[in-house]
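The values are calculated or read from the model by the stated rules, or taken from the named source; none is laboratory data. Worth saying up front: this structure is predicted, and the values here are computed from it rather than measured. Positions of Cβ are backbone-derived with ideal geometry, glycine not excepted, and every protein chain shown enters the neighbour counts. The protein model used for the area step is the full one, side chains on, heavy atoms only, and it has no ligands, DNA or RNA in it. Shrake-Rupley method; radii C 1.70, N 1.55, O 1.52, S 1.80 Å.
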Amino acid sequence: MPRIFQTIDKLKPVYDWTYKILMFICKILLIVDILVTTLAVCGRYIPFIPNPAWTEQVVLTCMVYMAVLSATLAIRKNAHIRMTALDKYMNKNLLKALDVLADIAVMALGVILLIQGMKLFNSPLAKFGKYESMPWLSRKWMYFPIPLAGASMIVFELEQLYTHIKAFFEHDVKEAA
């Protein structure tokens, strides 16, 4: 079985690359969020700077994208909040099995977000809806974070699931040696 793990381990650079791209996108979204918010605040309080009507919707849309993308990045780093108070009292194999079960549950959520998000993204509400302050821009961009979150959750959850399954076999190999 370790031979298949060596083959699958060759995909790690793809996951690293995907992580770096999503992190870069989050950084750009944060910069855009800060700049647009600064423009909005200056536009309200400094008389000669105009206050565009679109700033609030752009800020909120950027925040939604950052929230879903950063949540998937936390999956990769295993940085989500979790209950670990009883972990030291549990059997290690039971703990590994619970990790696999949690991975399957999160992946199921990712599949649901992907499927239902694509339905919403392609719905007439998204196709024909427009931002109030930017009538030239489709509301599809407001609904796109849902399937995006689902797809990226699935990608990083596959890696976590693989890591947790691999831990079962690595333990067996260490005992045999």
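Rolling a 1.4 Å probe across all protein chains gives K166 an accessible area of roughly 40 Å². Quick one: Debye curve from the C-alpha atoms of region 27-76, no solvent, what's log10 I(q)/I(0) at q = 0.26, 0.29 Å⁻¹? The calculated log intensity ratios at q = 0.26, 0.29 Å⁻¹ are -0.90, -1.02.
Derived from the Cα gyration tensor, the three semi-axes of the equivalent ellipsoid of region 96-177 are 41, 10, 7 Å, largest first.
Multiplying the residue separation of L125 and I31 by 0.36 nm and subtracting their alpha-carbon distance yields 30.9 nm.
Calculate I(q)/I(0) for the chain by the Debye formula, one identical point scatterer on each C-alpha and no solvent, and give its log10 at q = 0.17, 0.20 Å⁻¹ to two decimals. Results for the chain at q = 0.17, 0.20 Å⁻¹ read -1.12, -1.33. Rolled with a 1.4 Å probe across the full set of protein chains, the surface gives D99 an accessible area near 50 Å². Based on the convex hull around the alpha carbon atoms, region 1-89 presents an average projected area of 9.5 nm².
Where in the chain is the longest stretch that carries no chymotrypsin sites (Phe, Trp or Tyr not before Pro) classed as loop by DSSP and with at most 11 other Cβ atoms within 10 Å? Longest gap between qualifying sites, sites excluded: 49-135.
Relative to the current alpha-carbon distance between I104 and R3, full extension at 0.36 nm per residue lengthens the span by 34.0 nm.
Pairs from the table (K12/K166; K77/K140; K119/K140; K20/K140) lying more than 19 angstrom apart at Cα are K77/K140; K20/K140.
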